[in-house]
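Accompanying notes for the structure given below.
What follows draws every value from the coordinates through simple rules; no lab data is involved. Remember, it's a predicted structure, so these values are computed and weren't measured experimentally. A quick note on method: Cβ atoms are made from the backbone with ideal geometry, for glycine too, and the neighbour counts reach across all protein chains shown.
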Amino acid sequence: MARRAAAKKVVEPEPAKLVCYELVNPSDAYTFQAPTLLIAACATVLIGRGKYAAHPEDGKGEKNEEVPMFFFGGVEEWFKEKGVESLGDYINAHREEVATCLDTFLIGDMKERKAFDRLIGCISNPEEKEKARLAFHDEKRSSMNNIGEYAWKLAKELRASAAKGKSDAKG
C-alpha cells in the first residue's frame, strides 16, 4: 500500500495584534488590518484578483511580510511557499478571519487611518460608528473603483457561506 505524503502543516505565529497594511492599487489609497500575513494575503488576492499588493505599516514588517502582485500568476506557488497547499481550502478554513480583515478596509493612507481610528474611538454606538465610516468613505472616495464597498460585500458573502456551511453540517 502506497504511503501518502503527510500534508505540510501551516505554521503561523500567534497573532499578537493586528498589523495595518497599505493596499497597493491604481485607485484611491486604502488600508486594512490583519492578524497574520496569510490573512492579509487572502484579502489582497480576493480584492485585487492578483493585481494588487499590500505592504505592512512602515517599520512594522520585513520585506517577506509583503503581499506581492500576481499579474502573471504565481498565487498558488506563493501560498505553497508559505505552507498553504490550497488557497481555496485555506480561505474556507479561515472565513471568519478573512471576513474580519475585509471589514477593516478603509479609504485613505496610514496617516488618515490613524486619525479616523482616533475619532471613531470616541463613538460607543456601533450603528453610529458604521454611519461615520460610510460618511468618511463617501467623502474621501474619488475613484469609480469602490474597493471599500467591494471588500465589505465580500466579507458578508464569506460569513454567509460560513453560516450556510454550518447549517448544512447540522443537517
Q. With region 57-126 as the region, which helices (runs of 4 or more DSSP H) entirely inside it contain at least 1 residues that are over 24 Å from TYR150 (Cβ atoms) and out of contact with any helix residue (DSSP H, G or I) (no Cβ under 7 Å at 6 or more places or on another chain)?
A. 75-81, 110-120
Q. Which residue out of HIS137, HIS94 is buried (at least 16 other Cβ atoms within 10 Å of the Cβ) and either within 19 Å of ALA29 (Cβ to Cβ) or free of Cβ contacts under 8 Å to residues at least 12 places away in the same chain (or both)?
A. HIS137
Q | Residue satisfying condition, being more than 22 Å from GLY48 (Cα to Cα) and surrounded by fewer than 13 Cβ atoms within 10 Å (Cβ to Cβ), within set LYS153, LYS111 | A | LYS111
Q: Please tell me if THR31 is assigned to a helix (DSSP H, G or I), among the hydroxyl-bearing types (Ser, Thr, Tyr) and crowded, with 17+ Cβ neighbours inside 10 Å.
A: no
